[in-house]
Amino acid sequence: MGKWKKKHLIDVTDLSEDELSGVLDLAAEFKEKGFGREPLKGMTVANMFYEASTRTANSFAQAARNIGCATLNFSKGSSSVSKGETLGDTARVIEAMGVDGFVIRHSAPGAAKLISAIVEGAVANGGDGRHAHPTQCLLDLMTMRGNNGGFKGLKVAIIGDILHSRVARSLMAGLGKLGAEVAVAGPSTMMPGTLPDGVMRLGGIEEAMGWAKVLYFLRIQLERQGRPLIASLREYHETYGLTAERMGSLKREQLIMHPGPVNRGVELAARSADCGAARILEQVANGVYVRMAVLYLLLSAAKGREVSIG
Amino acid sequence: MADLLIKGGRVIDPVQGLDKVMDLRLGKGRVVEMGERLAAGGADVIDAAGCIVAPGFIDLHAHFRQPGHEDEETIASGAAAAVKGGYTTVCVMANTDPAIDNEAGVEFVRKMADAAGLCDVLPVAAATLGRGGEQITEMHRLRKHGAVAVSDDGAPVRNAALMRTILSYAADAGLPVLDHAEDPELAGDGIMNEGEVSDITGIPGVPQEAESVMVERDAALAGLTGGRLHVQHISTGASVDAVRRARGKGWNVTAEVTPHHLLLDERKLETFDPVYKVNPPLRPAAVRALLLEALKEGVISAIATDHAPHRDEEKELDLLEAPNGMASIECAFSVLYTGLVEEGRLGIGELLAALTSGPAGVLGLEDRGSLAAGKRGDVTVIDPAGTWVVGEGGYASRSSNCPYAGMRVKGVVKATVVRGRVVYGG
């Protein structure tokens, strides 16, 4: 039994193994037992989304409402955020409106950390550039734990653009922390030069399918900043996608996960996203519970309220 | 003006191979003589007992932002920061607004420097109009009006044919070309060194080859044209190899390194603090060591600050939007002395050479960089035992984006003397 003390969540690397489990336990409790009491009634969470996002923004908004918080929504398109006003200024302005917590999604690595150094309230990183996406990681861990029971000996293969993916970075860190075995596969143009300790690079999709229990597919973009990294989506599907043919060779215990949105026919064959092995909608549902748990813990810590975990 | 007698200091002049406790007399803006127990004879006296007396420092690379960005720095504030750091000559880059690309701009810089009356500020003019990488500047006119070199610093010259023309034409005009070597396509959207730390943090990386392929190209073009190439802020082993090879072939190629590439490494970016964002980026520790070796070997002949002031509020911009650059001219000597000389990694004579005779040689400034009789009376007096905390008590610069802020360092500039006149301390 420990007490939760952190008021910011920048990356899963900031969390101890106990804290990680504590968040997952609380999320599971919310999922099983409901949350009728609206524990944080009267508080306000600002969703600052500088990058387009439908699912993460809505998932956080839903999570905030479920625990009784009001939400303020700022997105790059709808606000006066523009060059000239620094990120720090914007955060101060929003805080002055009477906000207790911030969720920030931004294209710059370190953006959530920068805001956490400026505001009094709690800060949850909703994705900062290619750096980290801790709540995505937590919802993925919750989904894996729910399906597998634990992490010891669990083999997870992450397939796709590892280099540019905050989802991959956070997931490799989180799984490593909990004792799972992690491997990656993808085109060399999408691979970092160095992988975290203990993470293997597999030769290809076939090897990944032969090795892993969880096949985690990342969303692919044809090019980044105008630089083509793969020749075509068609060729990507053939070399690294879960084709209809490969789907036929899935073993019964294997799971398919994807952070969404799925490019049907690219990472996954058109029908495979809906097959029995897919946990994609379960991931989305768990996302709300995980974000409830995160907001609940961070806001409680920011208000000096003690919450027991573990 | 009375003569100036600097008494009893440890006079170090790398060019003359001199390191001895002596007196030094300046008169009529020049070095008159040095010797033991020189008579004061009406001269003003600086007691330099326990201090190092060195030729005035020369910075080949600074940004004083004027005209156009006077909120960040002016020639006067930059000069004040420079003399506080012991610099008596500073070369300022042309990436102002408007760019210094014609004789009026060059004259403006000199005029503002004269009005400030602190150190010598030498304009480096743009190599192409507006630093646009298309039309070369009137380099003969620029030289006549006081430009000491040409450079599009900050904007790499993408086009190899244009670089060839610049090197060839500048050679006719008698001007060195200071080269910001970077392949912009290879650098892409990167903002830190590509490697282990960029892989972990997800901060977009720039491969070291984005610099070295351009150094290779431009060294080859210096060979082709017989032009005078100086590689700015060199930061990779392969770049050093390219310069060494070019020099071995007798080509006219030199290089400078910044204090931050000698003292800091890429791990600083783990903090996501934009004060560590700089171009070229901080490299791995192993490269840092290699650059120091190249300096000792002489392949790199100068340490240049690349003093790049930015407004304070820019620190609160996100890492992608935050500008590149570090303001360091007022603490450069002290951080180098503390980090390299005190640690036994570089001799005091080697450090002083890289700050005086080395840079003078790069630009062919024969009147300075040494304390031989007849040279300009530019002298820096340093108390090597004194300590201070960087940033404590504020900066002379208008900006405070200094990566060494808060560090306790050794080596205090006690006096800076320009043309025989004390312009700082005393």
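The values are calculated or read from the model by the stated rules, or taken from the named source; none is laboratory data. Since the model is a prediction, treat every value here as computed from it, not as a measurement. So basically every Cβ, Gly included, is an ideal-geometry build from the backbone, and we count neighbours across all protein chains shown.
Return the total of residues in region A:1-12 being outside any loop (DSSP other than H, G, I, E, B) and surrounded by fewer than 16 Cβ atoms within 10 Å (Cβ to Cβ). If you could, list the steps in order and put the result at the bottom.
First, the residues of region A:1-12 that are outside any loop (DSSP other than H, G, I, E, B): A:2-4, A:8-9, A:12.
Within this subset, residues satisfying the condition of being surrounded by fewer than 16 Cβ atoms within 10 Å (Cβ to Cβ) are A:2-3.
Looking only at that region, the number is 2.
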Residue count for region A:189-208, restricted to those that are away from chain B (no Cβ under 14 Å) and surrounded by fewer than 20 Cβ atoms within 10 Å (Cβ to Cβ): 6
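Could you please give the count of residues in region A:214-239 that are free of Cβ contacts under 8 Å to residues at least 60 places away in the same chain, crowded, with 22+ Cβ neighbours inside 10 Å and over 25 Å from B:Leu186 (Cα atoms)?
Keep residues of region A:214-239 that are free of Cβ contacts under 8 Å to residues at least 60 places away in the same chain, which gives A:215, A:217, A:219, A:222-223, A:225-228, A:230-239.
So of that shortlist, the ones also crowded, with 22+ Cβ neighbours inside 10 Å come out as A:215, A:217, A:236.
If we keep only those that are over 25 Å from B:Leu186 (Cα atoms) as well, we get A:215, A:217.
Total satisfying the criteria: 2.
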Residue satisfying all of: in region A:219-234; of a type outside the set (A, V, I, L, M, F, W, C) and at pLDDT 90 or above; nearest to A:Val266 (Cα to Cα) among these: A:Arg234
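Specify which of the listed residues (B:Glu211, B:Glu196, B:Glu185) is closer than 29 Å to A:Ala132 by Cα and crowded, with 24+ Cβ neighbours inside 10 Å.
B:Glu211
Could you tell me whether any residue of region A:168-175 is out of contact with any Cys (no Cβ under 7 Å at 6 or more places or on another chain) and more than 14 Å from chain B (Cβ to nearest Cβ)? Step through it out loud before you land on a result.
Start the filter on region A:168-175 by keeping residues that are out of contact with any Cys (no Cβ under 7 Å at 6 or more places or on another chain), which leaves A:168-169, A:172-173, A:175.
Those still in the list that are more than 14 Å from chain B (Cβ to nearest Cβ) too: A:175.
Yes, that holds for at least one residue.
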Helices (runs of 4 or more DSSP H) (entirely within region B:184-281) containing at least 3 residues that are within 14 Å of another protein chain (Cβ to nearest Cβ): B:184-187, B:196-201
Some residue of region A:90-99 being hydrophobic (A, V, I, L, M, F, W, C), modelled with pLDDT of 95 or more and buried (at least 21 other Cβ atoms within 10 Å of the Cβ): yes
Exclusive hit being of a type outside the set (Ser, Thr, Tyr) and at pLDDT below 95, set B:Ala49, B:Ala2, B:Ala43, B:Ala54: B:Ala2
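With a cut-off of at least 3 residues that are within 14 Å of another protein chain (Cβ to nearest Cβ), name the helices (runs of 4 or more DSSP H) lying wholly within region A:50-155. Outline the logic, then answer.
Details: elements: A:55-66, A:87-96, A:111-116, A:134-148.
Of the helices (runs of 4 or more DSSP H) lying wholly inside region A:50-155, those with at least 3 residues that are within 14 Å of another protein chain (Cβ to nearest Cβ) span A:87-96, A:111-116, A:134-148.
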Residue match in region A:168-181 (condition: surrounded by fewer than 24 Cβ atoms within 10 Å (Cβ to Cβ) and among the polar types (S, T, N, Q)): no
Residue within region B:360-383 that is closer than 29 Å to A:Leu87 by Cβ and assigned to a loop (DSSP other than H, G, I, E, B) present: no
Options A:Ile118, A:Ile159: the member that is among the aliphatic types (A, V, I, L, M), surrounded by fewer than 24 Cβ atoms within 10 Å (Cβ to Cβ) and either closer than 30 Å to A:Glu85 by Cβ or at pLDDT 95 or above (or both): A:Ile118
Unique match (being assigned by TED's automatic domain parsing to the domain that holds B:Ser212 and at positive phi) among B:His307, B:His233: B:His233
All positions within region B:282-326 that are out of contact with any helix residue (DSSP H, G or I) (no Cβ under 9 Å at 6 or more places or on another chain) and within 11 Å of chain A (Cβ to nearest Cβ): B:Arg311, B:Asp312
Residues within region B:12-51 that are more than 17 Å from B:Ala373 (Cβ to Cβ) and among the β-branched types (Val, Ile, Thr), tallied: 3
Per-region count, region A:254-310, residues surrounded by 19 or more Cβ atoms within 10 Å (Cβ to Cβ), among the basic types (Lys, Arg) and not in a helix (DSSP H, G or I): 1
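Please state which one of B:Ala39, B:Ala48 is crowded, with 19+ Cβ neighbours inside 10 Å and either of a type in the set (Gly, Ala, Ser) or within 17 Å of B:Asp367 (Cβ to Cβ) (or both). Working first, answer last.
On the way: B:Ala39 fails: crowded, with 19+ Cβ neighbours inside 10 Å.
One residue alone meets the criteria, B:Ala48.
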